[in-house]
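See structure below.
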Amino acid sequence: MKSLFELFGKPEYLFDSHAHINDESYDEDLKKIIQNAQDNNVKEIFDVSVNKISCEKSILISKENEFVKSFIGIDPDVLIPTSELFEGLHFKIDWFNITRFKLSKLIENNIENVIGVGETGIDLYWIEKALADGQINEFEYNESIRLQRELFELHLDIAKEFVLPLTIHSRNAEDLCLEIVKSKDAVGIFHSYGGDYEIAKRILDNGWGLGVNGIVTFKNAEDVRKMYRKILGKISYDVSPSDFYEKGIFFETDSPFLTPHPKRGTRNEPANVSSIFEQFIASLIND
């Protein structure tokens, strides 16, 4: 299996490795958002899908904009009862077979516009919160995790079939997701990584990547910055994006969410990946 850096074409430039410009909040000004990214030295946007509707929408956007590539997949939130994306917990095997067929066909028919698979993974944060708050029972909790895992493995198989990288949603589940991906011949980015150093090191040692976004600029995220300093050590000001890509570190916005400092409170957009990149470098140098 090729490395992540190779699968992305060994880019030397800055790109947004995880954005959701298919989100309805961009419907009125999408062209402006893409132009803003270009004006801020962002050469490419990876638009990430979360359900079947956004998969189709992302493909249309990428076909109309040469600077956009699509990640095609189903977010684990479709299996979390408290999520706006929730689709149910009583799926039969046919649902997974049909989902796999539709995703595979969509990728196969639009392979020139697709850069990867996802977002996919496991989210324990919201399902554990729902159980603790009494919003779901023990059966629903266990069923959600079982189905999330099955859906995740489905995406891993698709990624292997098409030799594409994945973007992984692993909130409070980094260790579990890493255990699962190690059994598959695939690679990808643990998007919005916020775990500890030990797991980060294992992720990188196994050929997977870490996604750095606006969280690293938050005042209360010093533990995250310390973790990356420990991983990367001392760097110089003239470091380039590809220097990080080769080490498995990728930059993302997760637009329209997680707007970086000092713009918190406003809608995020891919142009902000330049600010995230610059602030990340500064945080490593000013240790």
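Filtering region 241-287 down to residues that are among the aliphatic types (A, V, I, L, M) and not in a loop (DSSP other than H, G, I, E, B), which residue is farthest from Val212 (Cα to Cα)?
For region 241-287, the residue satisfying everything is Ile285.
Exactly one of these conditions fails for Arg264: (1) under 26 Å from Val68 (Cβ atoms); (2) under 17 Å from the mean Cα position of the chain (by Cα). Give me its number.
Checking Arg264 against (1) under 26 Å from Val68 (Cβ atoms); (2) under 17 Å from the mean Cα position of the chain (by Cα), the one that fails is (2).
If you go through region 11-40, how many residues are touching a Phe, Trp or Tyr at 6+ places or on another chain (Cβ under 8 Å) and either farther than 21 Å from His155 by Cα or part of a helix (DSSP H, G or I) (or both)? Explain how you work it out, then say what you get.
To start, the set of residues in region 11-40 that are touching a Phe, Trp or Tyr at 6+ places or on another chain (Cβ under 8 Å) comprises 11, 14-20, 33-34, 37-38.
Those still in the list that are either farther than 21 Å from His155 by Cα or part of a helix (DSSP H, G or I) (or both) too: 11, 14-16, 33-34, 37-38.
Residues meeting the conditions: 8.
With Asp23, Asp27, Asp39 as the choices, which residue is crowded, with 17+ Cβ neighbours inside 10 Å, modelled with pLDDT of 95 or more and either of a type in the set (Asp, Glu) or more than 21 Å from the chain's Cα centre (by Cα) (or both)? Walk me through it before giving the result.
Values: Asp27 fails: crowded, with 17+ Cβ neighbours inside 10 Å; Asp39 fails: crowded, with 17+ Cβ neighbours inside 10 Å.
After applying the criteria, what remains is Asp23.
Taking only region 161-179 into account, find how many residues are surrounded by fewer than 18 Cβ atoms within 10 Å (Cβ to Cβ) and either over 20 Å from Asp47 (Cα atoms) or of a type in the set (Ser, Thr, Tyr) (or both).
5
Between Asp238, Asp175, Asp157, which is over 21 Å from Phe71 (Cα atoms) and part of a helix (DSSP H, G or I)?
One residue alone meets the criteria, Asp175.
For Val163, state whether it is at negative phi and touching a residue at least 40 places away in the same chain (Cβ under 8 Å).
No: the conditions fail for Val163.
If you take the residues in region 62-100 that are part of a helix (DSSP H, G or I) and within 18 Å of the chain's Cα centre (by Cα), which one is farthest from Tyr141 (Cα to Cα)?
Going through the qualifying residues, I end up with Ser62.
Here are some residues: Ser17, Ser54, Ser49. Which one is over 29 Å from Asp133 (Cβ atoms), surrounded by 19 or more Cβ atoms within 10 Å (Cβ to Cβ) and not β-branched (Val, Ile, Thr)?
Selected residue: Ser17, the only one of Ser17, Ser54, Ser49 that is over 29 Å from Asp133 (Cβ atoms), surrounded by 19 or more Cβ atoms within 10 Å (Cβ to Cβ) and not β-branched (Val, Ile, Thr).
The values are calculated or read from the model by the stated rules, or taken from the named source; none is laboratory data. No experiment lies behind these values; they were computed from the predicted model shown. Using ideal geometry, Cβ is built from the backbone for each residue, glycine included, and neighbour counts are taken over all protein chains shown.
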